[in-house]
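Everything below concerns the one structure shown next.
The values are calculated or read from the model by the stated rules, or taken from the named source; none is laboratory data. Nothing here was measured: the structure is a model prediction, and the numbers come from that model. So basically every Cβ, Gly included, is an ideal-geometry build from the backbone, and we count neighbours across all protein chains shown.
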Amino acid sequence: MPRNQDSSFWRLYKPNEREAALLLLRLIETRDDGREKSMTRVRLAEITLKRLWNRGRLTEQFLSDVSEWLLSAGWALFFAGTTYAAVQISAVENWPAVSSKRMREDVRRVQRGEFDFDSLEHLLIGSESSREGDDD
């Protein structure tokens, strides 16, 4: 943090988007130190990012710009419901792919306005772990 030469106080500094990306990459690097296998994914609490980047709030534009810088380093940053996450793009490229070809007839019914979306409602319910925080 730059020091003001006229006083003994530290100057308040907010890293720009590029610097924020570098700080996050450094944080991942420090977590990776001493591990046998390199990390390909990390979970990041919002408070961690706010502290790391000296921000009171994380705006969509700021996060988008940081994400753009992280992409050049091979990482994708995203919000995952209640926390943030980053994943190495090379790891994602090895994930199984899905294609709409498997649902060709369903897609045709959607296009004709004939698809029964009610039959899929159970898919929105999610798993028990995703509903633990609900107050019903």
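Within the range 58-67, is there a residue that is in the same structural domain as residue 29 (by TED's automatic domain parsing), surrounded by fewer than 10 Cβ atoms within 10 Å (Cβ to Cβ) and of a type in the set (D, E, K, R)?
yes
Sort out for me the helices (runs of 4 or more DSSP H) sitting completely within the range 74-128 that have 3 or more residues that are more than 25 Å from the chain's Cα centre (by Cα). Let's see the steps before the verdict.
Working: elements: 89-92, 104-111, 122-125.
Output list reads 104-111.
Step by step: first the residues of the range 1-37, then only those that are assigned to a loop (DSSP other than H, G, I, E, B) and surrounded by 10 or more Cβ atoms within 10 Å (Cβ to Cβ), then the one that is modelled with the lowest pLDDT. Which residue is that? Walk me through it before giving the result.
Taking the range 1-37 as the starting set, the residues that turn out to be assigned to a loop (DSSP other than H, G, I, E, B) are 1-2, 4-9, 11-16, 33-37.
Now narrow it down to the ones that are surrounded by 10 or more Cβ atoms within 10 Å (Cβ to Cβ): 4, 11, 13-16.
Details: 4: 55, 11: 75, 13: 94, 14: 96, 15: 97, 16: 98.
Restricting to residues being assigned to a loop (DSSP other than H, G, I, E, B) and surrounded by 10 or more Cβ atoms within 10 Å (Cβ to Cβ), the top hit is 4.
Restricting to the range 50-71, name every residue that is free of Cβ contacts under 8 Å to residues at least 12 places away in the same chain, in a helix (DSSP H, G or I) and more than 11 Å from the chain's Cα centre (by Cα).
50, 51, 60, 61
Does residue 117 count as surrounded by fewer than 10 Cβ atoms within 10 Å (Cβ to Cβ) and either within 16 Å of residue 43 (Cβ to Cβ) or modelled with pLDDT of 95 or more (or both)?
It is true that residue 117 is surrounded by fewer than 10 Cβ atoms within 10 Å (Cβ to Cβ) and either within 16 Å of residue 43 (Cβ to Cβ) or modelled with pLDDT of 95 or more (or both).
Of the residues that make up the range 39-49, is at least one part of a loop (DSSP other than H, G, I, E, B) and surrounded by 14 or more Cβ atoms within 10 Å (Cβ to Cβ)?
Yes, the conditions are met somewhere in the range 39-49.
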